[in-house]
Amino acid sequence: MSIASAQYNEDEKLAMARAATALVTRWGVPDESVARLLNGEGRATALLGIHRALRCIFADSDRVARWIGAPNEAFGGVCALDLMLADGLAGMRRVEAYLDAEIAS
C-alpha cells in the first residue's frame, strides 16, 4: 500500500506535515513557496512519496535537492518544483509517478 492511500490519525498527519516541512527546507524551497507546497489535503504524503522515490534513485541528498530545481525534459523543460507549485497536488502526483516509473525501469 502506498502512503498516499493509507488512512492516518491526527498525530500521524501532524508528524508527516513536520517531516514534509523539514524536507522542503532541505530542498531549498524559498520560504514564500513552502506554504503553497504544503497547504492542502494529501500534499505532505505526496511530498514524502517523492522524497522516498528520490532517495531510491540518488544516495546523495544534495543531488536530490539539485534534481528538484533542475529543468527536466519529462516535465516540458520545467523543474519538478515549478511543476508542483503550478499544479499543486496533481503536479506532485505527476512527479511521484515519473520517479516511480524511473525506479521500475
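Derivation of every value follows stated rules applied to the coordinates shown; laboratory data play no part. This structure is a prediction, so every number in the text was calculated from the model and none was measured. Positions of Cβ are generated from backbone atoms using ideal geometry, with glycine treated the same way; all protein chains shown enter the neighbour counts.
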For region 8-25, what does the Karplus curve 6.51 cos²θ - 1.76 cosθ + 1.60, with θ = phi - 60°, yield as ³J(HN,Hα) per residue in whole Hz, taken in order and with x for Gly and Pro? 10, 7, 5, 5, 5, 4, 5, 5, 5, 5, 5, 5, 5, 5, 4, 4, 5, 5
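Output the direction-averaged projected area (hull surface divided by four) of the convex hull of the alpha-carbon atoms of the chain, in nm².
Details: hull surface 25.9 nm².
Its Cα hull, projected and averaged over all orientations, spans 6.5 nm².
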Residue 79 long-range amide H proximity, modeled H, under 5 Å: 72
Between residue 15 and residue 62, what is the label-to-label distance in nm when each label sits 7 Å out along the Cα-to-Cβ direction? 3.2
Inter-part distance where region 13-65 and region 87-102 are each reduced to a Cα centre, Å: 13
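Highest mean first, what order results for 74-82, 31-39 on Cβ atoms within 10 Å? Don't jump to the answer; show the numbers that get you there.
Details: 74-82: 16.1, 31-39: 13.4.
Packing order, densest peptide first, comes out as 74-82, 31-39.
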Say each of residue 7 and residue 22 gets a label point 7 Å from the Cα, pointing the same way as Cα to Cβ; how far apart are those two points in nm? 2.8
